[in-house]
Amino acid sequence: MIKKMLLLAFASMPAYLGTQAQQASRMNTFISNLMSKMTLDEKIGQLNLPSAGEFTTGAATNSDIGKNIKEGKVGGLFNIKGVDKIRAIQKVAVEESRMKIPMLFGMDVIHGYETTFPIPLGLSCSWDMKAIEQSARIAAIEASADGICWTFSPMVDIARDPRWGRVSEGNGEDPYLGSQIAKAMVKGYQGDYSSNTNIMACVKHFALYGAAEAGRDYNTADMSHWRMYNEYFPPYKAAVEAGAGSVMASFNVVDGIPATGNRWLLTDVLRQQWGFKGFVVTDYTGINEMIDHGMGDLQTVSALALKAGVAMDMVGEGFLKTLKKSLSEKKVTLAEIDAACRSVLEAKYKLGLFTDPYKYCNAQRAKTDIFTAEHRNAARQIAAESFVLLKNNHILPLKKSGKIALIGPLADAANNMAGTWSVATVQDRSIPLLAGLKAVLGNKATITYAKGCNLSDDATLEERATMFGKTLNRDKRSAEEMKNEALKIAGEADVVIAAMGESAEMSGESASRTNLNIPQAQQDLLRELLKTGKPVVLVLFTGRPLTLDWEEKNVPAILNVWFGGSEAGTAIADVLFGDVNPSGKLTMTFPQNVGQIPLYYAHLNTGRPLAEGKWFQKFRSNYLDVSNDPVYPFGFGLSYSNFSYGDIKLSAAALKGNQTLQASITLANTSQYDGAEVVQLYIRDLAGSVSRPVKELKGFQKIQLKAGTSKTITFNITPEDLKFYNNNLKYDWEPGDFDIMIGGNSRDVKTARVTWTR
Ligand code: BGC
């Protein structure tokens, strides 16, 4: 009796109270007791994560989910939206199953719930960790109000190949920035699990998913361990260190073994080296896909996944169907099944579901906390911060007067504004550019609108790209008729805004491209619009870096707006008319053409680098036809302000051991506009035991600066910032000379040199 009372007290005591050791011990006692009563089937049941089938990226789950829940064969459910539905299902789990264990309810809450923020690649361009954390916080508040306690986010895959459509879901090419964002997101979602607005994060896709060969989704990834540890692992590790409760295994192979069955990755690296304490879930049918990877039949691959360290099997039911048999044939052990089951139950415990299975099912909150004016306002501000001004030939900001012609297939496309992976969004509620312009301008200016052309002349491209019903509604008129209408309104206007680029689903999952131009039909129209002689602003919608060589040379102003989310239209208008000064900086390099890919700033020097100022030299590392330069480098982005940088001042030119170096620079805003600048710190280690990149981002500060003022910015640099994994994967710094570089992008920097000895 006393034991029972104690256990109840354990379960009802909030998981976050007491010291960490006390919390862990309470949890262990509770779960050990629970597991001692569970049958083998019920333990295996906890490892099963079917899809309810509302939004799927693959085949839906076959088995009767309701029956399985009653029989204790379901640990969690995803792809379901709505607090009432979720409450009803939870009720079945906690009232009709023998063990009454509550279920996890997951969802891809990737960049917002109903209030949608810019796609993650866009968010990363804000370089504003507070804003990014706030976006995750709001997403968690909304999702948790609607029954969701677990999000399949953040996606932190480093990606250097814009052909891969999923670059839109990540934070770009840089491990340092990616790590800061990973931490901010985990914090925003999970907090300390103390309230019913904290949901569990799931870091994905572990690992190397962004390194798919040729940018083709789900393709092979292969690289040295040295590169994994230095360039691809850091953001996953940062998320784990920030306490992420779960990790999703990626679809690709790592060292030849699919991540889902890779014990080195999921146990040695993740748990032993990084100290991960949560649970691992597969990606959608990740276990079954190991059959196609050539790893064996369902029983073999399921056992492989369990032994590697997977706890939850998303959709595929490999665990459900084969683990019992594998146990009887001694292909897996009970200890392995127990460990997996325990990690799932621990997640439920940490979330407080044993105390209150309906913690996330507050119907009242679902009415008041979702898509609120406050959240939408935050989305508007954050969206404006994500836009990157790529070019501005004295056109922007526009005046709030005169005649404006808005032209292009993305100009009035509400259902495309949220961008990819916005499953909870009510698509048509997002504000398209046309409505945003009207809202911001009122009757101060006249706006005329013409679609001008379809997304592409190739209707099938549009069809292939469309997912979750975000069609652009193909215009049936002839191309000529549409063009003429557009040219007519352009001819009558003072300024033309061309809203062009990719549709929302031309990037994202299963949306790889080999041609990264703005689709031809739109480029043709853009050329015609430029011929009118009217000032043209290209408002570029895209989920990835595009090849904009021609546009950079010919279009007078380009504002890259990604997919800005619920408030895209108003946020774009805020920036176009100067109510908000753009401050976004690219987190992925924009190449000249596809042949240069992968192109990234933190590359090695090679033994044959080009001489300064040359774009071609025979027998040097370059191309015959184009320079090695990008169109827009990493970290690049303009403002309506002009910022100028002084020279770097160092606190010392020679340092020893654990001393701290202060590197300062004076930033001046020489314009009439108040603005924000992302001041970036890069370091180059000039000689090491392994070849080191020509520069690596090691710090940044987003500085607000009033017009006509200046400010001295200081970075504190310690040997921690000089560390890297050497050829034996030892993480340390090596004495020698270092270039300290500070600037407004990765190309245009001031440099000073220091010597650092042990
Ligand atoms: C994607 C994951 C996603 C999962 C569940 C998969 O297709 O790769 O990123 O979390 O589906 O929807």
Sequence ranges 270-279, 378-387, 29-38, ranked by mean other-Cβ count within 10 angstrom, highest first: 378-387, 270-279, 29-38
HN-Hα J in Hz across segment 658-675 - Karplus 6.51, -1.76, 1.60, θ = phi - 60°, x for Gly and Pro: 7, 5, 10, 9, 9, 10, 10, 8, 9, 9, 10, 9, 8, 10, 9, 10, 5, x
Quarter of Cα convex hull surface for the chain, i.e. mean projection, nm²: 33.6 nm²
GluC sites (Glu not before Pro) within segment 442-529: DSSP coil, no more than 15 neighbouring Cβ in 10 Å: none
Charge dipole (the chain, unit charges on Cβ, about Cα centre) - positive-most of T220, G708, N362: N362
Normalised contact order of segment 519-583, rounded percent, pairs of Cα under 8 Å and 6 or more residues apart: 27 percent
Exceeding the 23 Å Cα-Cα cut-off - candidates K67/K325; K91/K325; K187/K350: K91/K325
Nonlocal amide H pairs with W562, under 5 Å, H built at 1.01 Å: T542
Amide H within-cut-off set for F700, under 5 Å, with H built and near neighbours excluded: L681
Rounded to 10°, Cα long-axis angle of helix 2-12 versus longest principal axis of the chain: 10 degrees
Acute angle (nearest 10 degrees) that the helix 175-190 long axis makes with the longest principal axis of the chain, alpha-carbon atoms: 50 degrees
Å² per residue, accessible surface of segment 67-223 at 1.4 Å: 24 Å²
Helix-derived mean residue ellipticity, 222 nm - over the chain, DSSP H n ≥ 4, -39500 (n - 2.57), to 500: -8500 deg cm²/dmol
Integer Hz, Karplus 6.51/-1.76/1.60 couplings in order for segment 496-504, x for Gly and Pro: 10, 9, 9, 9, 9, x, 8, 7, 4
Relative packing of peptides 343-352, 598-607 - highest average C-beta neighbours within 10 Å first: 343-352, 598-607
Trypsin sites (Lys or Arg not before Pro) restricted to DSSP loop in segment 612-688 with at most 16 other C-beta within 10 Å: K614, K618, R620
The chain: angle of helix 318-328 to the longest principal axis, Cα-based, in degrees nearest 10: 40 degrees
Flagged links, alpha-carbon separation over 22 Å, of K70/K307; K702/K750; K367/K438: K70/K307; K367/K438
Segment 425-433 - phi-based ³J(HN,Hα) in whole Hz, Karplus 6.51/-1.76/1.60, Gly and Pro as x: 5, 8, 3, 6, 7, 5, 8, x, 4
Whole-angstrom gap from segment 540-616 to segment 627-642, using each part's C-alpha centre: 7 Å
Euclidean distance of C-alpha centroids, segment 218-256 and segment 677-729, integer Å: 23 Å
Environment charge at K359 (Cβ cut-off 12 Å; Lys +1, Arg +1, Asp -1, Glu -1): +3
Segment 442-492-segment 133-203 distance, computed between alpha-carbon centres (Å): 34 Å
By accessible area with a 1.4 Å probe, ligands and nucleic acids excluded, highest first: order of L49, L40: L40, L49
Carbon/sulfur fraction of accessible area - segment 559-689, other protein chains in place, 1.4 Å, %: 49 percent
Percent antiparallel among DSSP beta bridges (both partners in the chain, rounded to 5): 55 percent
Highest-first arrangement of 236-243, 218-225, where packing means the average Cβ count within 10 Å: 236-243, 218-225
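The values are calculated or read from the model by the stated rules, or taken from the named source; none is laboratory data. It should be emphasised that the depicted structure is a prediction, and the values quoted were computed from it without experimental measurement. Glycine also receives a Cβ, built like all others from the backbone with ideal geometry; neighbour counts cover every protein chain displayed. Heads up: the accessible areas ignore ligands, DNA and RNA and are worked out on the full protein's heavy atoms, side chains in. Shrake-Rupley method; radii C 1.70, N 1.55, O 1.52, S 1.80 Å.
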